[in-house]
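A short write-up of the structure that comes next.
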Amino acid sequence: MRDVVIAIPDEQKVQADLLPLAARAEQLVVTTLEEHGYAQEYLKEVAQAERAVKQLFEDPKQAAFTAHRSICDAEHKLLDPLKRARQVVTKAIVTYEDIERQRALEEQRPRVEPVRALRLGQPQVPIMYRVERAAEDADWRHAIHALRSRSGSTLTAKPPRRCGELRRPR
């Protein structure tokens, strides 16, 4: 670890020089043209003192800023690989959870046994796709028709309560 030493000016010495200047402001009254001129000269002295104080603290502030920047850069250099690792693992976890969620949904879907399709040697995927697609659309008549026309089996899921009622997913 690198040590950085920042020298802060002695505030008490500076304050001792500036207190009399600041105290004069409380006693200043402007009622005449002469006092107005004196007040303007006083403002020039105050502005000069402000510039001197800012100049006095400029170098320590710049050193502190540079030190802070280098500290933050070092911190980011160490944290960036950890952030990337977190993102990779989080992505893997989310992918796993999505797959598991999809698997659970598939297990909840009604099972269809395409016996006739197996006997005839027809592939199962297109039949299942048509049945699942029709069932997802809640068009039970098409799902049953697809099952009966291809496999000779019936749908095991419960149809809607009222005849002709179709429920569309939102």
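The values are calculated or read from the model by the stated rules, or taken from the named source; none is laboratory data. Since we're looking at a predicted model, the values are computed, not measured. When we count neighbours, we look across all protein chains shown, and the Cβ atoms used for this are built from the backbone with ideal geometry, even at glycine.
In the stretch 19-42, which residues are aliphatic (A, V, I, L, M), modelled with pLDDT of 90 or more and surrounded by 12 or more Cβ atoms within 10 Å (Cβ to Cβ)?
Residues satisfying the conditions are 30, 39.
Which of the residues belonging to the stretch 46-74 are surrounded by 12 or more Cβ atoms within 10 Å (Cβ to Cβ) and acidic (Asp, Glu)?
If the condition is that a residue be surrounded by 12 or more Cβ atoms within 10 Å (Cβ to Cβ) and acidic (Asp, Glu), then 59 is the only one that fits.
Taking the stated definitions as given, is residue 16 at pLDDT below 90, more than 32 Å from the chain's Cα centre (by Cα) and in a helix (DSSP H, G or I)?
Yes, satisfied.
Based on what the data block shows, is residue 69 farther than 26 Å from residue 12 by Cα, of a type in the set (Lys, Arg) and without any contact (Cβ under 8 Å) to a residue 40 or more places away in the chain?
yes
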